[in-house]
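The values are calculated or read from the model by the stated rules, or taken from the named source; none is laboratory data. Keep in mind that what you see is a predicted model, and the values were worked out from it rather than measured. Reconstructed Cβ throughout: ideal geometry from the backbone, glycine too, with neighbour counts over all protein chains shown.
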Amino acid sequence: MIGQIEGVHVNWISKLFRRSDEQEYLYEEAPAVAQPARRAHIDDAEINLPRFKNMVGGIDGGHHKTDAERVRAKLRDAFTPSHPVTDVRMFAGREDLLLTLIRAIEDQRLHAVIYGDRGIGKTSMLHVLTQLAKEAQYTVRYASCGVGTEFSEIFRAVAADISLLYHEDYDPTDPAIEHGGTLADKLPEGRLSVAQMTDLLSKIHGTRILIILDEFDRADSAQFRQQVAELIKNLSDRSIAVQMVIAGVASNLTELIAHIPSIRRNIMGLPIDVMNADEIEELVKNGEWASGLKFQPKAIENIIELSNGSPYLASLLGQHAGLAATQRDAIRVNAEDIKSAVRQALDEVRLRIAPHHVALVDKAATSGSFGALSAMAARSMANAGQILEEDFDGHFDDFSEFIMPITDSANGAYCFREDGVVPYVWLRSNAPKSR
Ligand SMILES: Nc1ncnc2c1ncn2[C@@H]1O[C@H](COP(=O)(O)OP(=O)(O)OP(=O)(O)O)[C@@H](O)[C@H]1O
Ligand SMILES: [Mg+2]
């Protein structure tokens, strides 16, 4: 498949990385999807159950009768609150940030660290960066960290994804390349050291490699972080054609790369902050474009206000408001649809939170401290998930079960223990009063 990125929405994006030549370039083929040999048949007369509305693969058998039904089918791709953006045409705003990131990688040959609050758009940004870098013929490898992630495991997997074609000792006609050989074949068994990985990567030629490590905050091993820092230092010192982009939840750079100040000179730290009103509007407009819905100006205004700069909330509200409109068999989303969306979104977010925390919010509501709690949630959203002692407004003891100190915070900041509590409290404080 030719990997040209199409569409008016991405004209500015697609010019960010300079193409190294004018040749066409290839993306990896999408894996073939296994199709069932024949569709299971359920006799309508026998059962009385709710049904899926659409056939997987977009085959709807011509059953969509109204515009609203057609829109409904498209809504799941127009707003994706439970997934990062993967289609560059749906990526709203962040133009300056993306430009800075690309310039850091391309012109300054720096490594980059992207940090910000939960749900602020880090992974979406990395997906877009990946596509743009591939377009400019970088070899890009994405890995997600988790509790217990180890250096050997992650970098062996990265090496297993890079063809021996890019190893300086191999000729393109070498049989090992024809047999699908990868850099991992050159690594010894057992635990990998930073020195071994550095030596291997120093042999790269004929490409530039971007290694993306997402969810870096979840990697709890201090040794892993230290090893990544050492690798970054080595890559920089030896001008190796490999750059790292790290992303994770943090309110500042130090939190994310604590213990490794030695690499500050070699990296660019990029905070990713709440979206401004224009960016949220663009997100909604992209959703309109992809679904065929039309949001009335008042409805857009409401989403801007209610999302409070969070792309996650804007996407969640956009999706539910669109569904509410299609339930009325309409394709124009109005302010009433937004009210209904807030209720739906609130129910959805509530289900994602531990019952104990929901009970704590209920307790705050009955004990008269909900106003202070929602002010704290708003502070957290505006301040990259960080809450300072003065934000508690005298309610430190009341809310102690909700919060915990941020590890390595220079200013003794706190954060909510449970991610979902912030959007839940925020939406609840803005829900229509009839509730
Ligand atoms: N630039 C954007 N344009 C449109 N939607 C966006 C954008 N950024 C984020 N979103 C939406 O916001 C939500 C959260 O995005 P994403 O998963 O990228 O955030 P994250 O920072 O990686 O979150 P987490 O910290 O949980 O990993 C998703 O629904 C995504 O579709
Ligand atoms: Mg993410």
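Where the second residue is assigned to a loop (DSSP other than H, G, I, E, B) and near ligand 1 (Cβ under 8 Å from one of its atoms) and the first is within 24 Å of residue 134 (Cβ to Cβ) and lies in the range 76-88, which pairs have Cβ atoms under 6 Å and are six or more apart or on separate chains?
Hits for this filter: 85/91.
Between 120, 114, which is out of contact with any Phe, Trp or Tyr (no Cβ under 7 Å at 6 or more places or on another chain), outside the structural domain of residue 381 (by TED's automatic domain parsing), within 16 Å of ligand 2 (Cβ to nearest atom) and assigned to a loop (DSSP other than H, G, I, E, B)? Show your work before the answer.
Values: 114 fails: assigned to a loop (DSSP other than H, G, I, E, B).
Testing whether each residue is out of contact with any Phe, Trp or Tyr (no Cβ under 7 Å at 6 or more places or on another chain), outside the structural domain of residue 381 (by TED's automatic domain parsing), within 16 Å of ligand 2 (Cβ to nearest atom) and assigned to a loop (DSSP other than H, G, I, E, B) leaves just 120.
Taking the range 357-406 as the search range and keeping residues that are hydroxyl-bearing (Ser, Thr, Tyr) and outside any helix (DSSP H, G or I), which one is surrounded by the most Cβ atoms within 10 Å (Cβ to Cβ)?
Restricting attention to the range 357-406, the residues satisfying the condition of being hydroxyl-bearing (Ser, Thr, Tyr) are 366-367, 369, 374, 380, 400.
Add one more test, that the residue is outside any helix (DSSP H, G or I), and what stays is 369, 400.
Values: 369: 17, 400: 11.
Here the residue is 369.
Among the residues of the range 101-117, are any at pLDDT 90 or above, within 11 Å of ligand 1 (Cβ to nearest atom), among the small types (Gly, Ala, Ser) and more than 13 Å from the chain's Cα centre (by Cα)? Even if it seems obvious, please write down each step before you answer.
Narrowing the range 101-117 to residues at pLDDT 90 or above: 101-117.
Checking which are within 11 Å of ligand 1 (Cβ to nearest atom) leaves us with 114-117.
Filter once more, keeping what is among the small types (Gly, Ala, Ser): 116.
When the remaining residues are screened for being more than 13 Å from the chain's Cα centre (by Cα), the result is none.
Within the range 101-117 (the criterion being at pLDDT 90 or above, within 11 Å of ligand 1 (Cβ to nearest atom), among the small types (Gly, Ala, Ser) and more than 13 Å from the chain's Cα centre (by Cα)), the answer is no, since none of the residues qualifies.
Assess whether residue 148 counts as being within 16 Å of ligand 2 (Cβ to nearest atom), in contact with a Ser or Thr (Cβ under 9 Å, 6 or more places away or on another chain), at pLDDT below 95 and not in a strand (DSSP E or B).
Values: within 16 Å of ligand 2 (Cβ to nearest atom): no; in contact with a Ser or Thr (Cβ under 9 Å, 6 or more places away or on another chain): yes; at pLDDT below 95: yes; not in a strand (DSSP E or B): yes.
No.
So how many residues does the range 123-151 have that are within 13 Å of residue 248 (Cβ to Cβ), touching an Asp or Glu at 6+ places or on another chain (Cβ under 7 Å) and either of a type outside the set (A, V, I, L, M) or more than 16 Å from ligand 1 (Cβ to nearest atom) (or both)?
Summing the residues that are within 13 Å of residue 248 (Cβ to Cβ), touching an Asp or Glu at 6+ places or on another chain (Cβ under 7 Å) and either of a type outside the set (A, V, I, L, M) or more than 16 Å from ligand 1 (Cβ to nearest atom) (or both) in the range 123-151 gives 4.
For residue 303, only one of the following conditions fails: (1) in contact (Cβ under 8 Å) with a residue 40 or more places away in the chain; (2) in contact with a Leu (Cβ under 7 Å, 6 or more places away or on another chain). What is its number?
Just one mismatch for residue 303, condition (1).
Can you tell me how many residues in the range 137-154 are of a type outside the set (Val, Ile, Thr) and under 19 Å from residue 124 (Cα atoms)?
Matching residues across the range 137-154 total 7.
Within the range 315-332, count every residue that is part of a helix (DSSP H, G or I) and either within 16 Å of ligand 2 (Cβ to nearest atom) or acidic (Asp, Glu) (or both). Step through it out loud before you land on a result.
From the range 315-332, those part of a helix (DSSP H, G or I) are 315-327; that's our starting set.
Add one more test, that the residue is either within 16 Å of ligand 2 (Cβ to nearest atom) or acidic (Asp, Glu) (or both), and what stays is 315-316.
Residues flagged as part of a helix (DSSP H, G or I) and either within 16 Å of ligand 2 (Cβ to nearest atom) or acidic (Asp, Glu) (or both) within the range 315-332 amount to 2.
How many residues, within the range 292-314, are in a helix (DSSP H, G or I) and either of a type in the set (D, E, K, R) or at positive phi (or both)? Even if it seems obvious, please write down each step before you answer.
Taking the range 292-314 and keeping what is in a helix (DSSP H, G or I), we get 297-307, 311-314.
If we keep only those that are either of a type in the set (D, E, K, R) or at positive phi (or both) as well, we get 298, 301, 305.
Counting residues in the range 292-314 that are in a helix (DSSP H, G or I) and either of a type in the set (D, E, K, R) or at positive phi (or both) gives 3.
Within the range 210-245, take every residue that is within 23 Å of residue 405 (Cβ to Cβ) and within 16 Å of ligand 2 (Cβ to nearest atom) and give me the one that is surrounded by the fewest Cβ atoms within 10 Å (Cβ to Cβ).
Across the range 210-245, the extreme among qualifying residues is 218.
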